[in-house]
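Colleague: First, the structure itself, so that you have it in front of you.
The values are calculated or read from the model by the stated rules, or taken from the named source; none is laboratory data. Bear in mind the structure is a predicted one, so any value in this text is a computation, not a measurement. Backbone-built Cβ (ideal geometry, glycine too); neighbour counts: all protein chains shown. Side chains are part of the model used for accessible areas, which takes the heavy atoms of the whole protein and leaves out ligands, DNA and RNA. Shrake-Rupley method; radii C 1.70, N 1.55, O 1.52, S 1.80 Å.
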Amino acid sequence: MDMTLMQQLVTIAMCVLGTMATRYIPFLLFPPGKQTPPYVQYLGKVLPSAVFALLVVYCLKDVSLTAELHGIPEALALVVTGVLHVWRRQMFLSMAAGTILYMVLVQTVFAG
């Protein structure tokens, strides 16, 4: 089913509006020079760890310990991710390294 020209224009306008709102509203709510509310500071401290934990749960939800590989590639990638994160405290580095290691393992070492 194809979208009409009007539907395409409305979709683009809504995407632009949504993007602009997410960019500008924080500056309207928390202008420079004004004290950031404590709950926003708290969220800034806990959300990165919560998102990281949610990502781990999501990535491991379908791993079966009774399947052929017994979750070995996932476990190795998880250990590397954890060690790198504790060592370097760089979330992007640890996630990227764990993901790359996992992809290399499942496409080469554990390829069926």
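Colleague: Placing +1 at every Lys and Arg Cβ and -1 at every Asp and Glu Cβ, with all other atoms neutral, what dipole size does the chain have around its Cα centre, in debye to the nearest 20?
Modeller: Working: 6 positive and 4 negative charges, 129 e Å.
Here the size comes out at about 620 debye.
Colleague: At a 1.4 Å probe radius, carbon and sulfur cover how many percent of the accessible area of the chain? Walk me through the numbers before you get to the answer.
Modeller: Numbers: 6700 of 9290 Å².
Answer for the chain is 72 percent, counting heavy atoms of protein chains only.
Colleague: Let me ask something else about it. Please report the spacing between the Cα centers of region 80-112 and region 1-75 in Å, no decimals.
Modeller: 22 Å
Colleague: How high is the relative contact order of the chain, in percent, counting Cα pairs under 8 Å that sit 6 or more residues apart? Each step should come with its number before you reach the end.
Modeller: Details: 35 pairs, mean separation 16.5, N = 112.
The value is 15 percent.
Colleague: With every protein chain present, what is the per residue accessible area of region 57-112 (1.4 Å probe, Å²)? Mind showing how you got there, number by number?
Modeller: Values: 4200 Å² over 56 residues.
On a per-residue basis, region 57-112 sits at 75 Å².
Colleague: Just to confirm the number: angle between the C-alpha axis of helix 72-88 and the first principal axis of the chain, 0 to 90 degrees, nearest 10?
Modeller: With rounding to tens, the tilt is 60 degrees.
Colleague: Here is a follow-up. First check a/c for the chain, with a ≥ b ≥ c the square roots of the eigenvalues of its C-alpha gyration tensor; if it is under 1.5, answer rounded, and if not, answer prolate when a/b is larger than b/c or oblate otherwise. Intermediate results must be reported in sequence, preceding the final value.
Modeller: Details: a/c = 3.17, a/b = 1.43, b/c = 2.21.
Because a/c hits 1.5 or more and a/b fails to exceed b/c, the chain counts as oblate.
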